[in-house]
């Protein structure tokens, strides 16, 4: 019988953790599993809450110093004893029946390297086995939010949740979460996992519900954003090169635009004087890349309407004007979404 390791990283999660753990323990009654909770140095009541569960069998809690979610997940991977590993964030919820389905389908599919479940999987791709290099490369694009003729940009969610990873896949290929970034580490983890796998099973279902603070990214100023995004883009470039995609340079340019846009929205617009030169450099790069019609087509197909509107402002207005326009757009988006926490299913 398949043995599943459920890895739960926690950090100051007392508000939602009880409900999350109740569902995980409910799943524990249905499937053969262990629960590994790795606390990342919480300073609220999370630790006291976790102490109440330590007496349970197959429930393991580890307390570490604060070092980020990637370190917590990597620690959990090292402690896991299951045939497969799955990740559940401490403030999110799961659909127990969908997880049961994933366990059953994993056994029926002769134990694939990865089992990925999402409501966005199209009907024709439900229970699809991906095992050729061509298919894997196109699934890699889906992980990179790029639609193609096989998979749309949401069929393989870039996060590690709603997925089972064979333990041997991660161990044999030294697959772990990069600690150099905190926005994109999931995507990089899945890039390597996809490229190293031999067999991937796609399942259409809603297995996971995550709480999304809709203004969290837009409201967060990160002074290290530029260097983090440079690392992220470099790693994406490496994974694209390792694939056999014929147009990998186009996808790299698309991601260059995405990350320059992130720099502009989350860093440069907060201080238009300090970052004006960086802003102008980013705008020039976006304008240059968008002149390539093949890249611009990828942009218009895969980015949101608001992202495209910002790009259009940047491309067709003077830099001195556009930096203020973009900041106003961001402020409007902030005010309309502030404090709006919702549950979204994937």
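The values are calculated or read from the model by the stated rules, or taken from the named source; none is laboratory data. These numbers come from a predicted model, not from an experiment. With ideal geometry, Cβ positions are generated from the backbone for all residues, glycine too; neighbour counts draw on all protein chains shown.
Just one residue in the set 199, 224 is more than 18 Å from the chain's Cα centre (by Cα) and either modelled with pLDDT of 95 or more or closer than 22 Å to residue 101 by Cα (or both); that residue is 199.
Among the residues of segment 49-61, some residue qualifies, meaning at least one is within 30 Å of residue 199 (Cβ to Cβ) and either modelled with pLDDT of 95 or more or in a loop (DSSP other than H, G, I, E, B) (or both).
Residues are listed down the side, and each one gets a yes or a no for (1) exposed (fewer than 15 other Cβ atoms within 10 Å of the Cβ); (2) part of a helix (DSSP H, G or I); (3) at pLDDT below 95:
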residue: 235; (1), (2), (3): no, yes, no
residue: 239; (1), (2), (3): no, yes, no
residue: 244; (1), (2), (3): yes, no, yes
residue: 249; (1), (2), (3): no, yes, no
residue: 254; (1), (2), (3): no, yes, no
residue: 259; (1), (2), (3): no, yes, no
residue: 273; (1), (2), (3): yes, no, yes
residue: 279; (1), (2), (3): no, yes, yes
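Note on segment 281-295: among residues that are surrounded by 15 or more Cβ atoms within 10 Å (Cβ to Cβ) and touching a residue at least 40 places away in the same chain (Cβ under 8 Å), the one that is farthest from residue 140 (Cα to Cα) is 292.
Selection of segment 51-82 for residues being buried (at least 17 other Cβ atoms within 10 Å of the Cβ), closer than 29 Å to residue 188 by Cβ and touching a strand residue (DSSP E or B) at 6+ places or on another chain (Cβ under 7 Å) yields 60, 61, 69, 72, 73, 75, 76, 77, 80, 82.
Scanning segment 11-33 for residues being in contact (Cβ under 8 Å) with a residue 60 or more places away in the chain and surrounded by 17 or more Cβ atoms within 10 Å (Cβ to Cβ) gives a total of 8.
Matching residues to (1) in contact with a strand residue (DSSP E or B) (Cβ under 6 Å, 6 or more places away or on another chain); (2) surrounded by fewer than 22 Cβ atoms within 10 Å (Cβ to Cβ); (3) in contact (Cβ under 8 Å) with a residue 24 or more places away in the chain:
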site: 142; (1), (2), (3): no, no, no
site: 164; (1), (2), (3): yes, no, yes
site: 175; (1), (2), (3): no, yes, no
site: 179; (1), (2), (3): no, yes, yes
site: 195; (1), (2), (3): no, yes, yes
site: 198; (1), (2), (3): no, yes, yes
site: 203; (1), (2), (3): yes, no, yes
site: 206; (1), (2), (3): yes, yes, yes
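Residue-level check: of (1) assigned to a helix (DSSP H, G or I); (2) under 15 Å from the mean Cα position of the chain (by Cα); (3) in contact (Cβ under 8 Å) with a residue 40 or more places away in the chain, residue 156 misses just (1).
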